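Structure first, then comments.
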Amino acid sequence: MNSESQPLQLHEIHAMRADKAVINRVYGSYILMLSFYGITLLDFRTGLLSRSENYVSRYKNLCRSPHNYLRVTRILKSLSELGLEHLNAGLLLYFLWEQSENSQLNVSRLKSSMDRWWANCIRDEEERTMVNDLIGQ
């Protein structure tokens, strides 16, 4: 964490949301970070994700390096602040799918972060409840 960083102000959020160049940069950054984690964005509109070709090594890095979990938290919060929250549930549901269907990303620290932090980054109460219910299963 940068203890000298300043909180984003409401007028800055509105200006950033209205600037297509900013949104395009955030979109590009999201794709880059997904790639770093071994994930590919298939559909921006729905947030549908898939494994990248190099997912095995990238998943290992994600699971063994807990500093990645703080990065995921920041990604989720940034997407929410900048009006791209629809991508959050897609990422969390993807992690759940990999855990339940493929026995991947099944480490306790990742699960704990998802349960304690990530699901709560979803602002829409109905969507957050749905994701939390799935995490609890």
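The values are calculated or read from the model by the stated rules, or taken from the named source; none is laboratory data. If you're wondering where the values come from, they're calculated on a predicted model, not measured in any experiment. Glycine also receives a Cβ, built like all others from the backbone with ideal geometry; neighbour counts cover every protein chain displayed. Areas reflect the complete protein model, heavy atoms only, side chains present, ligands, DNA and RNA absent. Shrake-Rupley method; radii C 1.70, N 1.55, O 1.52, S 1.80 Å.
How large is the charge dipole for the chain, taken about the Cα centre, if only the Cβ atoms of Lys, Arg (+1) and Asp, Glu (-1) carry charge, to the nearest 20 debye?
For this selection, approximately 520 debye.
How large is the Kirkwood hydrodynamic radius of the range 60-119, in angstrom, based on all distinct alpha carbon pairs?
11.8
What is the chain's relative contact order, in percent, from Cα pairs under 8 angstrom and six or more apart in sequence?
Result for the chain is 20 percent.
Going by average Cβ density within 10 Å per residue, which order do the peptides 70-78, 4-12 take, highest to lowest?
The densest-packed peptide leads the list: 70-78, 4-12.
Could you work out [θ]222 nm for the chain from helices alone, using -39500 (n - 2.57) per DSSP H run of at least four and dividing by all its residues? Round to the nearest 500 deg cm²/dmol.
Value at 222 nm, helices only, nearest 500: -19500 deg cm²/dmol.
When the accessible area of the chain is computed with all protein chains present and a 1.4 Å probe, what percentage of it is carbon and sulfur?
52
For the range 1-87, just the Cα set please: Rg and Dmax, both in angstrom.
14.3, 42
Excluding ligands, DNA and RNA, what is the solvent-accessible area per residue of the range 1-64 at a probe of 1.4 Å, expressed in Å²?
Computed with neighbouring chains in place, this is 72 Å² per residue.
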